[in-house]
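Everything below concerns the one structure shown next.
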There are 2 protein chains.
Amino acid sequence: MDPRIRQHASIIVNHSVGVENGDTVLITGPAAAEDLIVALNEAVGDIGAVPVNTLSNGRASRAYLKAAGADGLEMPTHQLALAEATDKIIRIRGDSNVTELSDVAPEIVAEQSRVNQPVSETIMSKDWCLTQYPSSGNAQLAEMSTDAYQNFVWDAIDKDWEAQHDHQAAMVERLNAASAVRIVSGETTDLTMSVEGMVTVNDDGHENLPGGEVFTAPVPDSVEGEVLFDLPLYHQGQEVTGAQLVFENGEVVEHEAEKNESVLQSVLETDPGARRLGELGIGMNRDIDRFTYNMLFDEKMGDTVHMAVGRAYPETVGEDHEPNESATHVDMIVDMSEDSRIELDGEIVQQNGTFVFEDGFEDA
Amino acid sequence: MDPRIRQHASIIVNHSVGVENGDTVLITGPAAAEDLIVALNEAVGDIGAVPVNTLSNGRASRAYLKAAGADGLEMPTHQLALAEATDKIIRIRGDSNVTELSDVAPEIVAEQSRVNQPVSETIMSKDWCLTQYPSSGNAQLAEMSTDAYQNFVWDAIDKDWEAQHDHQAAMVERLNAASAVRIVSGETTDLTMSVEGMVTVNDDGHENLPGGEVFTAPVPDSVEGEVLFDLPLYHQGQEVTGAQLVFENGEVVEHEAEKNESVLQSVLETDPGARRLGELGIGMNRDIDRFTYNMLFDEKMGDTVHMAVGRAYPETVGEDHEPNESATHVDMIVDMSEDSRIELDGEIVQQNGTFVFEDGFEDA
């Protein structure tokens, strides 16, 4: 086994979710990630915890969803019971074919998110981690050889997370002190929102591996303006490009997309919360040096801002606020590398992708 | 997809476990069985039931067991919660390598059976089915090409289970009416036991697919004599050949094996119930025409008798008897094709593999 796989497992178990003796651990992944699943079972056994392995399989999901249809979907109460009885949850992505759900009607996929909401909420109430195995399907999506993609993935994962935490702390401090946020990019994005009283999280490789962002929740009603997400979004096997949203009083009042607008529309129609922002995130991981059309990595790049419609992460919602609730949570990315800036209470904290506390900010 | 896979899924879902609208269904299988898992998800969705897929993986099991060791094993309470919340359980076997557990100490494997007993009992209290996917590892064990093995497996599974039920009913009737059973084979097997007050089950493809046996529980203290299991046993990835047991007052008082005696010994040492018989089964499936070193098939052959040390199936234990309880249940087979007979209360009901109600019995 490639020694980087055991290292990956060790970071997940010891750093990301902190498995302890006696813990029940749920490992969910695809067959393509077999080596990492094996290494995780070993690491969990070493600690004296006990694993259950569930299979995520795009072909099986497609077959079930198409057969059941939107009206036939039921909440999996046995999956809920499993999640409730689990201490630590590890979710591995790694597709042989990232487009397995491309011929499932978007409204069926959206309905499944809605129906499964109690399961999602239970998982998010635990110590959980979402990570990536460098499978062939994801390598293809990134337009990379599988070997080069392995290097990319494991370089982004096997890093000094304490140093990364410290790098990000400068931005966490600024966001926690701020009220008004403004995101400007070219002629197509000028969005304002309040984060007053919200909590910014320093994502240093716990719930996402790789980590490398700071994120908070906008005050739901405060979002105003327009945004073009200039990077493509892969949602349940379908690519959405050129997604544009216009917000008034926090709600999406106009939307369009160049490709697969119906997918975007299905997401927005999931429930009322799906028309509001649940997350504002700022990428800060300088070791992720290229777009790979994979949100888990792209949103961490230092030259990006991302926003999610739908569910807010509870830990980002201040105690004087209600969280934005939704069955869905879909991230979309704005490229901030050129002709762009982030302002906090009128002060520019990032210009053309360079943060105010990084070298080169003056010239950016 | 090979149409026989959808047919296999249909038999499991509609005949074996009888999935109904609204059921929670647990599908457990290896990656090698992906096509069958996909077909099952489709069939479950068609009915309006909801699946969860868990992964069985020999490499992951080995990694966990070796890391944890016998002392580090814990009962997976989350797996128990999942099983308890499930209505219908489908377990698929199908190995890439049937010997993945060959370098795990037998006492660790036996301890896992003991620790996991609440999970096993919960599964057995549900509608469950154990079936086989024709994977390369099992084909290799059978010394067959994968394509020939596919034919063998699906021919044994896709049959008229109603007709098979009727064929077996003749033997069920005789066993239910009988008290004393005697099994004789060559110079090496002469075993007597009582089945008085026990219940014989007609295995027509419900809990095992393929089915094709009738089975009951011996009165635990009644077993006397000696038996040579002349067909090899694969237990947790290790082959045991030439296993011999001597019973007095129902208990194993002597045991030996030609190969891997330590595996046999570990099984017998699981707990006190592991030294008594929990099952007597008689194979009656004439469509299984060769040994494939796979208990699920071999024990169904018309020319065999099998006995299991360990746990009795509750449905075979009459109300005036206590079930033999154990964390383990290990089947072993006697070849009855030559110089052999089964007697019920002194009457010969099978001679050299031919039943009294089959053509050719007089000449057998």
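Derivation of every value follows stated rules applied to the coordinates shown; laboratory data play no part. Please read these numbers as outputs of a predicted model, since none were measured by experiment. All Cβ positions, glycine included, derive from the backbone under ideal geometry; neighbour counts span all protein chains shown.
Summing charges over all other residues whose Cβ lies under 12 Å from the Cβ of B:A178, with Lys and Arg as +1 and Asp and Glu as -1, gives -3.
Counting only other residues whose beta carbon sits under 15 Å from that of B:S135, what net charge do I get with K and R as +1, D and E as -1? Summing Lys and Arg as +1 and Asp and Glu as -1 gives -4. Per-residue Cβ neighbour counts within 10 Å put A:I47, A:I183 in the sequence A:I47, A:I183, beginning with the fewest.
The count of lysine pairs in chain A with alpha-carbon distances below 27 Å, taking only pairs 8 or more places apart or on different chains, stands at 8.
In this label model, B:E248 and B:A148 are separated by 4.7 nm, measuring between points 7 Å along each Cα→Cβ vector. For the stretch B:3-157, a crude dipole built from +1 on the beta carbon of Lys and Arg and -1 on the beta carbon of Asp and Glu, taken about the Cα centre, is about 80 debye to the nearest 20.
Springs join every pair of Cα atoms under 10 Å in this Gaussian network model of chain A, and among A:H329, A:H321, A:H167 the largest mean-square fluctuation is at A:H321.
The Rg/Rh ratio of the stretch A:109-150, with both radii computed over alpha carbons and Rh defined as the Kirkwood radius, is 1.20. Here is how far apart the A:K259 label points are across copies: 5.6 nm, shortest first, using a point 7 Å from Cα toward Cβ.
Just how far, in whole angstrom, is the stretch B:1-31 from the stretch B:212-273 if you go by their alpha carbon centroids? Answer, in whole Å: 33. Note on the stretch B:236-309: with charges restricted to the Cβ of Lys and Arg (+1) and Asp and Glu (-1), its dipole about the Cα centre is near 220 debye. Less than 5 angstrom separates the built amide H of B:V317 from those of B:V199, all sequence-distant by 5 or more or on a different chain.
Legend: translational diffusion of the stretch B:161-355 by Stokes-Einstein, Rh = Kirkwood radius over C-alpha pairs, 37 °C, 0.692 mPa s; D = 201 µm²/s.
Qualifying trypsin sites (Lys or Arg not before Pro) in the stretch A:282-350, where qualification requires a DSSP coil assignment and no more than 16 other C-beta atoms within 10 Å, comprise A:R286, A:R290.
Towards the positive end of the charge dipole of the stretch B:1-75, with charges on Cβ (+1 Lys, Arg; -1 Asp, Glu), say which of B:I27, B:V13, B:G72 has the farthest Cα. Toward the positive end, the furthest listed residue is B:G72.
Its convex hull of Cα atoms gives the stretch B:220-284 a direction-averaged projected area, equal to a quarter of the hull surface, of 4.7 nm². The string of couplings for the stretch A:339-347 from the Karplus curve (6.51, -1.76, 1.60, θ = phi - 60°) is 6, 9, 7, 10, 10, 10, 6, x, 8 Hz, one whole number per residue in order, with x for Gly and Pro. Sequentially through the stretch B:353-362, phi angles give Karplus couplings (6.51, -1.76, 1.60; θ = phi - 60°) of x, 9, 6, 4, 9, 9, 4, x, 4, 4 Hz, Gly and Pro residues having no value and appearing as x. Of interest is the spacing of the C-alpha centroids, which for the stretch B:97-148 and the stretch B:321-364 amounts to 25 Å. In this entry, the protein assembly as shown is assigned a mean projected area of 32.0 nm², taken as a quarter of its C-alpha convex hull surface.
Across the options A:S222, A:G94, A:A110, the greatest Cα extent toward the positive end of the charge dipole of chain A (unit charges at beta carbon of Lys, Arg, Asp, Glu) belongs to A:G94. Each Lys and Arg contributes +1 and each Asp and Glu -1, all at the Cβ; summed about the Cα centre of the protein assembly as shown, the dipole is approximately 300 debye. Each residue of the stretch A:199-214 was assigned a 3J(HN,Hα) from its phi angle through the Karplus expression (A = 6.51, B = -1.76, C = 1.60, θ = phi - 60°), giving 10, 8, 9, 8, 7, 10, x, 8, 7, 10, 9, x, x, x, 9, 10 Hz with x at Gly and Pro. Backbone amide hydrogens, once placed in the peptide plane, bring B:L73 within less than 5 Å of nothing, excluding anything fewer than 5 places away on its chain. Its DSSP H runs of at least 4 residues, each contributing -39,500 (n - 2.57), put the calculated 222 nm mean residue ellipticity of chain A at -9000 deg cm²/dmol, to the nearest 500. Proximity of backbone amide H atoms, modeled 1.01 Å from N, is registered between B:V17 and no other residue at under 5 Å, excluding neighbours fewer than 5 places apart on the same chain. With neighbours defined as other Cβ atoms within 10 Å of a residue's Cβ, the residues B:V25, B:V317 order from fewest to most as B:V317, B:V25. The other copies place their B:T192 label points at 9.9 nm from this one, listed shortest first, where each point is 7 Å from Cα along Cα→Cβ. Take each residue in A:29-37, count the other chain C-beta atoms within 10 Å of its C-beta, and the mean is 3.
A label point on A:M1, set 7 Å along the Cα-to-Cβ line, lies at 3.1 nm from each of its counterparts in the other copies, closest listed first. Using a 10 angstrom Cβ neighbour count of at most 15 plus a DSSP loop assignment to flag exposed chymotrypsin sites (Phe, Trp or Tyr not before Pro), which longest range of chain A is free of such sites? Answer - A:1-356. In the stretch B:3-157, Cα pairs under 8 Å separated by at least six residues give a relative contact order of 28 percent.
The Cα-based radius of gyration and maximum Cα-Cα distance (Dmax) for chain B are 19.7, 58 Å. Our summary gives chain A a relative contact order of 14 percent, counting only alpha carbon pairs under 8 angstrom and 6 or more residues apart. Inter-chain Cβ neighbour count for B:80-93, averaged per residue, equals 4 (cutoff 10 Å, partner chain atoms only).
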